[in-house]
Amino acid sequence: MTAKLLAYATYLPRYRLARAAIGAALTGAPRGSGARTVAGHDEDAVSMAVAATRALGAGIGDADNLYFATTSPPLLDKSCSLIVHAATGMHGRVFALDLTGLRSGFGALSVAAGTGGVAVLADLRTGRPGSAEESDGGDGAAAFLFGSGDAVAEVIGSVSVPLEVMDAWRAPGTGYALLGEDRLVHHVLARAVREIVAEAGTPVTALVSTLNRRLASSLRASIGAAGGADVQDAHRENTGYCGAADLGLLLAGALDTAKAGDTILVVSAGGGADALLLRVLKDGRRSPDRVGQEIGYHQYLTWRGALGREPARRPARPAVAPAPALRNSAWKYGLAGSQCSACAKVYLPPARVCACGAVDQARPFSVAGLTGTVVTQAADGVSDSPAPPATAALVDFGTTGRLLLELTDVPPAGIADGAEVEMTFRRTYVLDGVPNYFWKARPKR
Ligand SMILES: [Zn+2]
């Protein structure tokens with residue numbers, strides 16, 4: 001392990017589905033406590049990875065590697081990490097790699113700790129309607145920047161106990177995981193965690209990420225660490241198990257409340273067990289709790305494509321056009337317009353010729369990280385959006401120009417003209433399963 005942890009950030013979607021709402025819809029009995037996070041209809045693992053990575057701050061500009069872990073890649077064959085790379089403004093010689101499977105979150109963290117760079121873990125968990133996987137699952141992302149410099153924590157050890165066991169698996173092309181027999185899985189994973197503790201010792205704080213909530217809790221307790229129970233319990237209650245991103249969200253939660261000098265053991269239990277031991281170098285600064293917006297079970301099912309609703313009768317959208325997407329990559333993925341070197345005028349989208357007469361004298365100017373204000377807006381109640389109405393807004397960036405953007409994460413009361421908005425990378429629509437991405441505006445968090 002050579003690199004230290006310089007920064008970390010998490011992204012949780014705005015929406016929450018109360019577990020009681022699932023029970024009430026399916027059985028008439030509102031059982032279950034807490035809520036799970038639900039990605040918006042225009043979010044997926046890539047868009048959440050972009051949000052978490054950008055939240056790491058300017059340090060990502062020096063990173064040479066980008067490891068993207070998920071079990072729900074929106075595209076196969078093509079590397080989704082390349083989309084994350086293009087949308088986060090990292091430099092042009094980054095090595096970007098996709099990792100998959102529930103152990104990939106640990107994998108991305110472990111590899112980034114060795115080579116330096118960004119590990120971003122983002123995932124959505126769905127599960128069959130009525131299953132524990134559905135109600136205990138959650139959606140979210142966590143990103144970590146490793147390198148040299150002023151560090152938050154350092155990795156001081158790593159132990160893996162790989163075991164070929166059918167504990168959770170999913171056939172390619174299917175949406176739901178199949179799970180092994182409880183007692184067998186508990187027995188095998190508990191043994192693997194014991195082996196890890198025998199080697200790593202007992203840390204100050206321990207966290208265990210595994211599909212089954214009760215098992216995660218009992219494995220954590222078996223480690224004998226004083227800290228971590230509150231972070232892990234709150235995560236399972238208010239967010240849910242986030243697949244490949246789960247380990248990262250737990251680690252971020254522990255770092256938020258850690259004291260310098262603490263040791264944190266994060267264990268990914270599944271297919272054996274894998275663990276990282278970290279030493280905290282700086283006291284944590286708890287990030288403020290965000291207020292979520294509750295949605296109904298029918299909305300969740302619709303957004304997940306599990307409820308075949310009558311589509312809006314609108315003309316079909318065009319398929320993703322590879323050549324213009326490549327030509328306008330800086331604009332489409334980086335929301336980078338151009339600024340004239342001669343007169344400083346900004347063009348959104350970029351322009352080669354400036355009104356001052358200068359030709360090809362522009363430099364890229366990204367508004368992705370800027371805050372704007374809503375000038376005026378129009379709602380389209382018969383749009384093909386899965387969450388109508390779709391609202392288009394003219395957003396003013398002060399001296400830098402104006403841009404027509406779709407609004408997203410709109411609260412039930414709407415967004416007032418004059419309100420501050422920030423830019424967010426989202427899916428605009430999906431055609432034949434292929435997502436198209438661009439930037440939208442959302443209320444400033
Ligand atoms: Zn000019």
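General remarks:
- Segments classed as helices (runs of 4 or more DSSP H), wholly inside segment 271-352, with at least 1 members that are within 30 Å of Val152 (Cα to Cα): 329-334
- Of all residues in segment 286-344, those satisfying the criterion of being among the hydrophobic types (A, V, I, L, M, F, W, C), away from the ligand (no atom under 16 Å from the Cβ) and over 20 Å from Asp432 (Cα atoms) are Val291, Ile295, Leu326, Ala330, Trp331, Leu335, Ala336.
Here is a yes/no grid of residues against (1) touching a Gly at 6+ places or on another chain (Cβ under 7 Å); (2) in contact (Cβ under 8 Å) with a residue 40 or more places away in the chain; (3) surrounded by 22 or more Cβ atoms within 10 Å (Cβ to Cβ):
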{"residue": "Leu250", "(1), (2), (3)": "no, yes, yes"}
{"residue": "Lys259", "(1), (2), (3)": "no, no, no"}
{"residue": "Leu265", "(1), (2), (3)": "no, yes, yes"}
{"residue": "Gln293", "(1), (2), (3)": "no, yes, no"}
{"residue": "Gln299", "(1), (2), (3)": "no, yes, no"}
{"residue": "Thr302", "(1), (2), (3)": "no, yes, no"}
{"residue": "Ala323", "(1), (2), (3)": "no, no, no"}
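- Tabulated pairs, segment 335-349, first outside the structural domain of Gly89 (by TED's automatic domain parsing), second near the ligand (Cβ under 7 Å from one of its atoms) and part of a strand (DSSP E or B), C-beta under 9 angstrom, 6+ apart or interchain: Val346/Cys340; Tyr347/Cys340
- Of all residues making up segment 152-176, the number that are buried (at least 18 other Cβ atoms within 10 Å of the Cβ) and part of a loop (DSSP other than H, G, I, E, B): 2
- Of the listed requirements (1) touching a residue at least 12 places away in the same chain (Cβ under 8 Å); (2) touching a helix residue (DSSP H, G or I) at 6+ places or on another chain (Cβ under 9 Å), Leu255 misses just one: (2).
- Scanning segment 316-332 turns up one or more residues that are more than 22 Å from Val84 (Cα to Cα) and either of a type in the set (D, E, K, R) or at pLDDT 90 or above (or both).
- Residue pairs whose Cβ atoms lie under 6 Å apart, sitting 6 or more positions apart in sequence or on different chains, and linking a residue in segment 355-375 that is over 30 Å from Lys444 (Cβ atoms) to a partner that is within 10 Å of the ligand (Cβ to nearest atom) and assigned to a strand (DSSP E or B), are Ala358/Cys340; Val359/Val353.
- Test: Ser47 is buried (at least 22 other Cβ atoms within 10 Å of the Cβ), free of Cβ contacts under 8 Å to residues at least 60 places away in the same chain, among the hydroxyl-bearing types (Ser, Thr, Tyr) and under 20 Å from Lys332 (Cα atoms): no
- Any hit, segment 373-380, residues being within 16 Å of the ligand (Cβ to nearest atom), on the phi < 0 side of the Ramachandran plot and part of a strand (DSSP E or B): no
- Comparison of Leu66, Leu76 shows that the only residue that is farther than 30 Å from Ala35 by Cβ and free of Cβ contacts under 8 Å to residues at least 40 places away in the same chain is Leu76.
The values are calculated or read from the model by the stated rules, or taken from the named source; none is laboratory data. Because the structure is a prediction, the values reported are computed rather than measured. Positions of Cβ are backbone-derived with ideal geometry, glycine not excepted, and every protein chain shown enters the neighbour counts.
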